[in-house]
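The values are calculated or read from the model by the stated rules, or taken from the named source; none is laboratory data. Everything quoted here is computed from the prediction, not taken from an experiment. Virtual Cβ from ideal backbone geometry, glycine too; neighbours counted across all protein chains shown. All accessible areas refer to the heavy atoms of the entire protein, side chains included, with ligands and DNA or RNA removed. Shrake-Rupley method; radii C 1.70, N 1.55, O 1.52, S 1.80 Å.
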Amino acid sequence: MIKAKWHKAAIVLALFVFASFMLTMLGGCKKEEEPGPPDDVILARLAEILPLSQQLNEIFVGKGLPPTDKAVKSEYNIGPEYFEVAEDAPYRDMASLKAAAESVYSKDYLKSVYIMAFEGHEEEKITPRYKEVGGVLFVDINWQALELRTEIDLSTAKVVESTAKKVKIDVKYTLRGTDESGTMTLVMVNQDGLWVLDGPTF
């Protein structure tokens, strides 16, 4: 009886050891993340798209596109007031503005940006900042803009994490008009072969 119990225990132990071995092997065979592009390539891409990203930040959440000279705010609190954007504005239709945004920002990030900028959200009582009427953009002159003061020092940019799909870059910044400074992390993702920002640059 004792011998039979020992034999059974030996079989159970052997199975346990085998299972542990297989789990270890499978873990070791797990596919490693492919390395990202060379640091100098990704930093050059960041330098290329950063100025446009900051211009778009201003358009979407900062000062916004300038309205025509005919834009005059009502003396009453009547909610959104839409006026045609100025003829010398850098973008005068939704398609060209979206094309610029999608050349530097990821689709995932732009989902929330587009709700705020173009679509609105009735349940959340969000009215869009821009509307297109007759192929021309109109801007809400009562929209509460943010004051964007972040100035990024690209000379300090350093890649801290890099794979074939995502790259993280630490960069120093200052807030214009203040003594405040710090380090922020910018995320870039590989979207259909094009490296774009996956978040704002402010």
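Can you go through Val139, Val133, Val160 and tell me which one is open to solvent by 50 Å² or more (accessible area, probe 1.4 Å) and under 30 Å from Pro67 (Cα atoms)?
Val133
Checking Arg92 against (1) surrounded by 14 or more Cβ atoms within 10 Å (Cβ to Cβ); (2) at positive phi: exactly one of these is not met. Which one?
(2)
Can you pull out every residue in the range 153-169 that is outside any loop (DSSP other than H, G, I, E, B) and aliphatic (A, V, I, L, M)?
Leu154, Ala157, Val159, Val160, Val167, Ile169
For residues that are outside any helix (DSSP H, G or I) and out of contact with any strand residue (DSSP E or B) (no Cβ under 6 Å at 6 or more places or on another chain), scanning just the range 105-122, find the one that is least open to solvent (accessible area, probe 1.4 Å).
His121
Filter the range 142-152 down to the residues that are part of a loop (DSSP other than H, G, I, E, B), surrounded by 15 or more Cβ atoms within 10 Å (Cβ to Cβ) and within 18 Å of the chain's Cα centre (by Cα) and list them by number.
Leu148
For the range 170-199, how many residues meet the condition of being closer than 16 Å to Asp153 by Cβ and either in a strand (DSSP E or B) or open to solvent by less than 30 Å² (accessible area, probe 1.4 Å) (or both)?
12
Identify the residue in the range 62-81 that is at pLDDT 85 or above and aliphatic (A, V, I, L, M) and, among all such residues, is surrounded by the fewest Cβ atoms within 10 Å (Cβ to Cβ).
Filtering the range 62-81 for residues that are at pLDDT 85 or above and aliphatic (A, V, I, L, M), the one surrounded by the fewest Cβ atoms within 10 Å (Cβ to Cβ) comes out as Val72.
Ser155 passes all but one of (1) open to solvent by less than 80 Å² (accessible area, probe 1.4 Å); (2) under 22 Å from Pro51 (Cα atoms); (3) of a type in the set (S, T, N, Q); (4) more than 19 Å from the chain's Cα centre (by Cα); which number fails?
Here Ser155 meets the rest and fails (1).
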